[in-house]
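Peer 1: Before we start, here is the structure in question, set down as structure tokens.
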Amino acid sequence: MNSLRFSVLAGMVLTAALSRLIPHPPNFSPIAAIALFGGAQFTNKRAAFLVPLAAMFLSDLVLGLHALIPITYACFAISVCLGFWLRRHRSAMRILCITLLASVLFFFITNFAVWAFSSIYPKTAFGLISCYAMAIPYFPNTVLGDLAYSTVLFGGLWLTERTIVKTREPLVQIS
């Protein structure tokens with residue numbers, strides 16, 4: 001990966017992560033979009049995890065750490081892996097579908113963790129259902145945030161690549 005492209009990608013990821021610091025509706029954040037974008041765009045798998053994770057961690061240091069951060073970051077890692085799949089199958093419709101899948105996975109995994117690891121809900125089937133039911137009002141913002149940030153990141157890179165030729169990913173020739 002050329003250094004200009006890497007710098008553009010890293011800058012986009014950092015900017016998206018820092019946008020978490022400006023006032024926004026609850027759960028309207030760039031978390032899944034950053035992870036998907038990192039997985040889809042960084043050719044080095046280590047960078048695909050580390051750059052977005054470092055950007056998220058920096059914003060988490062400002063926002064505050066909490067007990068379920070390992071679960072949130074595990075969801076983040078899953079989204080990076082979904083981004084790896086997008087790397088080979090990139091289209092607007094696939095980005096849309098994978099973004100929605102990432103939102104749904106985040107909802108189910110993190111709310112299960114709230115139920116399992118906190119004392120807020122009883123450890124019963126009813127407690128789990130209650131946990132998910134109480135989270136439903138936040139889910140639309142999660143989806144809208146993921147869709148908005150995915151659009152900005154993937155669309156922004158598409159526009160950048162059209163404007164600045166040196167940021168384009170080299171084409172792989174198949175012999």
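Peer 1: Is it the case, given these coordinates, that residue 158 is part of a helix (DSSP H, G or I), of a type in the set (Phe, Trp, Tyr), closer than 21 Å to residue 73 by Cβ and modelled with pLDDT under 95?
Peer 2: no
Peer 1: Return the total of residues in the range 38-81 being among the hydrophobic types (A, V, I, L, M, F, W, C), more than 23 Å from residue 108 (Cβ to Cβ) and free of Cβ contacts under 8 Å to residues at least 24 places away in the same chain.
Peer 2: Within the range 38-81, residues that are among the hydrophobic types (A, V, I, L, M, F, W, C), more than 23 Å from residue 108 (Cβ to Cβ) and free of Cβ contacts under 8 Å to residues at least 24 places away in the same chain number 4.
Peer 1: Here is a follow-up. Can you work out which of the residues in the range 13-45 that are of a type outside the set (A, V, I, L, M) and not in a loop (DSSP other than H, G, I, E, B) is modelled with the lowest pLDDT?
Peer 2: Ranking the qualifying residues of the range 13-45, first place goes to 20.
Peer 1: Right, here's the next one. Considering only residues that are in contact with a Ser or Thr (Cβ under 7 Å, 6 or more places away or on another chain) and small (Gly, Ala, Ser), which ones fall in the range 1-38?
Peer 2: 17, 32, 33, 35
Peer 1: Got a sec? Which of 48, 116 is in contact with a Phe, Trp or Tyr (Cβ under 7 Å, 6 or more places away or on another chain) and assigned to a helix (DSSP H, G or I)?
Peer 2: Exactly one of 48, 116 is in contact with a Phe, Trp or Tyr (Cβ under 7 Å, 6 or more places away or on another chain) and assigned to a helix (DSSP H, G or I), namely 48.
Peer 1: With the requirement that a residue be among the polar types (S, T, N, Q) and either touching a Ser or Thr at 6+ places or on another chain (Cβ under 7 Å) or surrounded by fewer than 14 Cβ atoms within 10 Å (Cβ to Cβ) (or both), what does the range 95-136 give you?
Peer 2: Residues satisfying the conditions are 99, 103, 110, 118, 119, 124.
Peer 1: Residue 92 fails exactly one of the following numbered conditions: (1) more than 23 Å from residue 141 (Cα to Cα); (2) loosely packed, with under 14 Cβ neighbours inside 10 Å; (3) of a type in the set (Gly, Ala, Ser). What is the number of that condition?
Peer 2: If we test residue 92 against (1) more than 23 Å from residue 141 (Cα to Cα); (2) loosely packed, with under 14 Cβ neighbours inside 10 Å; (3) of a type in the set (Gly, Ala, Ser), just (1) comes out false.
Peer 1: Let me spell it out: the conditions are (1) at pLDDT 95 or above; (2) over 22 Å from residue 52 (Cα atoms), and residue 146 meets all of them except one. Which number is the exception?
Peer 2: It fails just one condition, (2).
Peer 1: I need the full set of residues from the range 51-70 which are touching a helix residue (DSSP H, G or I) at 6+ places or on another chain (Cβ under 8 Å), in a helix (DSSP H, G or I) and surrounded by fewer than 19 Cβ atoms within 10 Å (Cβ to Cβ), in order please.
Peer 2: 58, 60, 62, 63, 69
Peer 1: Right, next: For the range 81-108, give me each residue that is part of a helix (DSSP H, G or I), of a type in the set (D, E, K, R), in contact with a helix residue (DSSP H, G or I) (Cβ under 8 Å, 6 or more places away or on another chain) and modelled with pLDDT under 95.
Peer 2: 87 - this is the single residue of the range 81-108 that is part of a helix (DSSP H, G or I), of a type in the set (D, E, K, R), in contact with a helix residue (DSSP H, G or I) (Cβ under 8 Å, 6 or more places away or on another chain) and modelled with pLDDT under 95.
Peer 1: Continuing with this model, one more query. Considering only residues that are surrounded by 15 or more Cβ atoms within 10 Å (Cβ to Cβ) and either of a type in the set (Lys, Arg) or in contact with a Ser or Thr (Cβ under 9 Å, 6 or more places away or on another chain) (or both), which ones fall in the range 155-168?
Peer 2: Listed by number, the residues that qualify are 157, 160, 161, 167.
The values are calculated or read from the model by the stated rules, or taken from the named source; none is laboratory data. Quantities reported herein were computed from a predicted structural model and do not represent experimental measurements. Note that we place each Cβ from the backbone using ideal geometry, even for glycine, and neighbour counts take in every protein chain shown.
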